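Bear in mind these aren't lab numbers, they're just calculated from the coordinates by the rules spelled out. Source: prediction; values computed, not measured. Don't worry about glycine lacking a Cβ; one is built from the backbone with ideal geometry, like all the others, and counts go over all protein chains shown.
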Amino acid sequence: SKVTVKAPSSTANLGPGFDVFGLAVDAFYDEVTLTKTKSRITIVTDDNIPTKPDNNTAGLVVKNMKKKFKIKSGVEIKIKKGVPAGFGMGSSAASAAATAVAFDKLFGLKLDGNSLVEFAGSGEKASAGSVHYDNVAASVLGGFVIVKTNPLQVTRVDPPTNLRMCVAVPKLEVPKKKTKVSRGVIPKKVKLTDSILNLSNASAIVAGFMKKDPELIGNSIKDVIVEPARKHMIPGFDKVKENALKAGALGVTISGAGPSVIAFSKSSADLKKISSAMSRGFASAKTECQTVICKP
Ligand code: HSE
């Protein structure tokens, strides 16, 4: 028997919610098909990704789930990548999420959302070096997610239907261990006043999702800790942000660990203007970019 599951791309952090907030983004999808086999874990793909189970997010998820549930059967993992890898759109997370959900179905485990997120997150170790659940939680559960850890407790909230977004994916050479590199530039210590600013904005984002208020969400994605430390890795970032805000975006920030940039809006009419404004911003830094108007 076999099971196929598709999982969406996602944007993590939403500014001040570093490692805590995630949002599923209807722009790109990964598709994973799991098939029971005699023995061993094998990976089949046409994409340029590691095929050794220990170095592949999906491979690690299967390995961990097989071990936990004492499953003897082998599993073939077929992966079709749709989420661009290394651009801050939760690519490794989408494969891990689809795999955890597919494994649960294939072996009839009936796990709850929290456990699926936990197993999917265990696969992220293959790419990021450390476990963080923001992207996998969004990819598994959809919508807006808040990740509380120790113990893991994920909360999902439906985004307001009139929240609009646009993502700009620059065509850059991304470093091999991009997530690791971009986690390395974040300050180890922060000023209390900065932490207060971020906490107030993060709280307002949660309130915005609860109250279905796109304006409150968009106005609150201001981040004074991580974005300033990372933006130098994104050529043209300041211009992209300035342009998008001028074109009517409610708020603009780095998508996950970058280099993609997201902008929120509450009007579909503004989205075209915002997306071309972001393209122009990247062009000013001699960087080509693809913009996608998408649904959170
Ligand atoms: N929260 C993580 C980070 C997401 O910003 O490093 C990376 O995928």
Using the scaling law 2.2 N^0.38 Å as the reference, what is the normalised Cα Rg of the chain? 0.98
With viscosity set to 0.692 mPa s and temperature to 37 °C, compute the Stokes-Einstein D of the range 189-244, Rh being the Kirkwood radius across alpha carbon pairs; µm²/s, no decimals. 263 µm²/s
With the charge dipole of the range 9-162 built from beta-carbon charges (+1 for Lys and Arg, -1 for Asp and Glu) about the Cα centre, the Cα from 18, 101, 145 projecting farthest to the positive end belongs to 101
Quick one: among 16, 214, 175, which has the greatest mean-square fluctuation in a GNM of the chain with alpha-carbon springs under 10 angstrom? 175
When the charge dipole of the chain is computed with +1 at the Cβ of Lys and Arg and -1 at the Cβ of Asp and Glu, the Cα pointing farthest to the positive end, of 293, 115, 43, is that of 43
Just to compare against my own numbers: the Cα pair-distance distribution for the range 138-296, 5 Å bins, whole % per bin, please. 2, 9, 16, 20, 21, 18, 11, 3, 0, 0
In Å and whole numbers, how far do the C-alpha atoms of the range 13-146 stretch along each principal axis, longest first? 46, 31, 25
Spread of Cα-to-Cα distances over 10 Å intervals beginning at zero, given as percent, for the range 84-153: 22, 56, 21, 1
What are the membrane-span-like helices in the chain by this rule: whole DSSP H runs, Cα extent along the axis at least 20 Å, mean Kyte-Doolittle hydropathy at least 0.5? 91-106, 192-210
Please find the FRET efficiency linking residue 242 to residue 192, where r is the Cβ-Cβ separation and R0 is fixed at 35 Å, and quote it to the nearest 0.05. 0.75
Which one of 155, 193, 179 has the biggest mean-square fluctuation once the chain is modelled by GNM with Cα springs under 10 Å? 193
Out of every Cα-Cα pair in the range 1-61, what percent are more than 16 Å apart? 61 percent
Cα gyration tensor shape for the range 192-285, rounded if a/c is under 1.5, else prolate or oblate: oblate
Quick one: putting +1 on the C-beta of Lys and Arg, -1 on the C-beta of Asp and Glu, what dipole do you get for the chain around its Cα centre, in Debye to the nearest 20? 760 debye
Helix-only [θ]222 nm of the chain, DSSP H runs n ≥ 4, -39500 (n - 2.57) each, per residue, nearest 500: -12000 deg cm²/dmol
Approximate spin-label separation residue 285-residue 181, in nm, with each point projected 7 Å along Cα-to-Cβ: 1.3 nm
Between residue 269 and residue 114, what FRET efficiency comes out of the Förster formula 1/(1 + (r/R0)^6) with R0 = 35 Å and r the beta carbon distance, rounded to 0.05? 0.35
Pick out which of 256, 184, 142 has the largest mean-square fluctuation in a Gaussian network model of the chain, springs linking Cα atoms closer than 10 Å. 184
